[in-house]
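All remarks here apply to the structure that follows.
The values are calculated or read from the model by the stated rules, or taken from the named source; none is laboratory data. Values in this document were obtained by computation on a predicted structure and should not be read as measured data. Cβ sites come from the backbone with ideal geometry, for glycine too, and all protein chains shown count toward neighbours. Note: accessible area is taken over every heavy atom of the protein model, side chains too, but ligands, DNA and RNA are not part of it. Shrake-Rupley method; radii C 1.70, N 1.55, O 1.52, S 1.80 Å.
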Amino acid sequence: MSKPYFPMFVDLSDQKVIVVGAGTIAKRRIRTLIEFTDHLTVIAPEVNKELLDLEKAGRLSILRKKYEREDIYDAAVVIAATNDTKTNNDIYSACKCLGIRVNVCSDKNKCDFYFPGIARKDHVVVGVTASGKDHKLARTVVERIREIL
């Protein structure tokens, strides 16, 4: 039987976080991460209005281009959220060589960390995971915690 995941809280406020991709999953990750870092960069050839508005508000930076390895060299955390397996695999390999924490959204075996369900009020942050076993239960628990907060 596998052990549950260990919850670890990391200060990302002054660390560079990069999300490669701007699709549905990428935007979910961006919405979460934007609350925890002042140095969020999105790399994608095209982005939608929501991300453009966040850029205009100074909440993130956008590199309107295709990913290149040099883009991630100074990152602390990288999210690979493209729809291209080859690109995601290259991001994973580069991050592992450079010692950068990485999460490949399409492959849980290529993740140094996982995104929990988050309930937050002011400085209280609660992360919930069912260790990949029961997403519905985790979501229900997060909703209950939000009600409590």
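Quick notes on this structure:
- Taking label positions 7 Å along the Cα-Cβ direction at both Arg28 and Asn109, the computed distance is 2.2 nm, reported to one decimal.
- Taking amide hydrogens as placed 1.01 Å from N in the peptide plane, the amide H of Val104 sits under 5 Å from those of Ala80, Lys110, Cys111, Asp112, each at least 5 positions away in sequence or on another chain.
- Exposure of Ser106 as accessible area (Å², to 10), given a probe of 1.4 Å and all protein chains: 90
- Based on every Cα atom in the chain, Rg and the maximum pairwise Cα distance Dmax equal 15.5, 48 Å.
- Sites listed here are trypsin sites (Lys or Arg not before Pro) in the stretch 110-149 whose DSSP assignment is loop and whose Cβ has at most 11 other Cβ atoms within 10 Å: Lys133.
- Helical content alone sets the calculated 222 nm signal of the chain at -9500 deg cm²/dmol, taking -39,500 (n - 2.57) per DSSP H segment of four or more residues and averaging over every residue.
- Whole-Å distance, taken between Cα centres, linking the stretch 1-35 and the stretch 108-149: 12
- Angle between the chain longest axis and helix 135-148 axis [Cα atoms, degrees, rounded to 10]: 70
- The gain in end-to-end length when the Asp14 to Asp84 segment is fully stretched comes to 22.3 nm, 0.36 nm per residue minus the alpha carbon separation.
- Contact order normalised by residue count of the chain, Cα under 8 Å, 6+ apart, percent: 19
- Coil-residue GluC sites (Glu not before Pro) of the stretch 1-80, DSSP, other Cβ within 10 Å capped at 15: Glu35, Glu46, Glu68
- Within the chain, longest stretch clear of exposed chymotrypsin sites (Phe, Trp or Tyr not before Pro) (DSSP loop, no more than 16 other Cβ within 10 Å): 10-72
- Among the trypsin sites (Lys or Arg not before Pro) in the stretch 1-82, those located in a DSSP loop and surrounded by at most 13 other Cβ atoms within 10 Å of their own Cβ are Arg64, Lys65, Lys66.
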